[in-house]
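Below: the structure, in structure tokens.
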Amino acid sequence: MTVLTTFFPGLLLIYVYISLLKKSSQPFPLMLEEHLGCIGGRILGVAYILIFLIVTSLYLRFFIEFLKNTVLTDTPTSLIVLLLLIPGTYAIRSGIEVLARISQVVLVVFMPLAILLLMTAATEQPDLKNLMPVGFISIQDLSYTVYMSMWHFGNLMTILTLAYFSNDRRNIPQTLLQSIVALVLFLSTAMAVSTITLGVALSSVSTFPLFEIARSASYAGFIRNTEPLFVSIFMLGIFIGVTTFWIMSCYSTQQIFRLKDYRFLASPSAVIIGFGSVLISPNTFVVFSILQYSAPLVFGFFFIAVPVLLYILLLFKPGAEQEMGSGLQPPEIS
């Protein structure tokens, strides 16, 4: 119910992003200077560089905690960090097209496979009674969980930059709609399968309930131990998430400080992100506390509140609405 309910404010958030693209002739973060002035826009842009670095470090640390608590329990943390930072550096230095192609493969091939694995796992020993409390959820609890989920939808804010790399910008709204539908489908399926299979209590206390399901499930009565496949899919998804915000930090730095390119920033920023992921918290408990309490506030402000406030400001700003990216060539070409 939380994910399905979040879908509707998520649609409004997409409308805000699309409206900002239509009213702007520059990609993010230059659109901040375009609408807020040089000084205010640049100060806010520097803040976004820091936020993108923090998000990248936090997602990388989540990736570390997942591997150290599931399949690589005795592996040094530094080795896991290098496992993602080295290909991430290569992807950024190769250009954003590399990340785009990997994302297409994951979305088209691996996400349907992950949903199929989860739904098949739920057919072994399902207990539909575990879903019964959903009918007695309070409005207060539902509102709080929607608030907790919204900052994940705010990750779509990267479209304010990535849209200007596209040669087919008129289909950006359709792409965003497909993305949010896919996100809602996957999250709702994952939560339902966890609740039906493990129960409410065990799903609540388990750090990675989906991995527990993948480890214990069997398919067709004899196919077992499918957790390596699940881990591979999860690693690809985390790689995309980390690298996307990593690129955002490098590209924002290039635009704010008027540098010639963003690719050379991959290596020095990798050092910052690597150390940040290790120093961001001393243990797993603090990591999940950050994800539960601090992240929704900080990222919700920068990914949701600021774009919404900027959209409201533009409603009262004189000037005709421009076409999406009007008069702007893709940054890779220009």
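Coordinate-derived values only; no laboratory data. All values reported here derive from a predicted model rather than from experimental measurement. Cβ atoms come from the backbone with ideal geometry, glycine included; neighbour counts cover every protein chain shown.
Regarding the range 225-286, what are the three Cα extents along the principal axes, ordered largest first, in Å?
Rounded to whole Å, the extents work out to 50, 27, 15 Å.
Once you have the alpha carbon radius of gyration of the chain, what is it after dividing by 2.2 N^0.38 Å, with N set to its residue count?
Details: Rg = 20.6 Å, N = 334, 2.2 N^0.38 = 20.0 Å.
Ratio of Rg to 2.2 N^0.38 Å for the chain: 1.03.
Using a/c under 1.5 as the rounded threshold, could you call the range 1-62 rounded, prolate or oblate? The axes a ≥ b ≥ c are square roots of the C-alpha gyration tensor eigenvalues, and prolate needs a/b larger than b/c, oblate otherwise.
oblate
Scan the chain and note any complete DSSP helix (H) whose C-alpha atoms cover at least 27 Å along its axis and whose Kyte-Doolittle average is 1.0 or more. Provide the component values of the computation, followed by the final result.
Details: long enough: 2-22 (30 Å, 1.64); 38-70 (48 Å, 1.45); 172-198 (38 Å, 1.67); 227-256 (43 Å, 1.21).
Passing helices, by number: 2-22, 38-70, 172-198, 227-256.
I'd like the distance separating the alpha-carbon centroids of the range 28-97 and the range 248-306, in whole Å.
5
Excluding residues fewer than 8 places away in the same chain, name every one of the lysines whose C-alpha is closer than 18 Å to that of Lys22.
Reachable lysines: Lys317.
By the gyration tensor of its Cα atoms, with a ≥ b ≥ c the square roots of the eigenvalues, what is the shape of the range 63-199: rounded for a/c under 1.5, prolate for a/b over b/c, or oblate?
Oblate is the answer for the range 63-199, as a/c is 1.5 or above yet b/c matches or exceeds a/b.
Could you point to the residue in Leu99, Ser138, Ile49 farthest towards the positive end of the chain's charge dipole, with +1 and -1 charges on the Cβ of Lys/Arg and Asp/Glu respectively?
Value: Ile49.
Would you please put 150-157, 105-112, 50-57 in order of how densely packed they are, using the mean number of other Cβ atoms within 10 angstrom per residue and starting with the highest?
Ranked from most to least packed, the peptides come out as 50-57, 150-157, 105-112.
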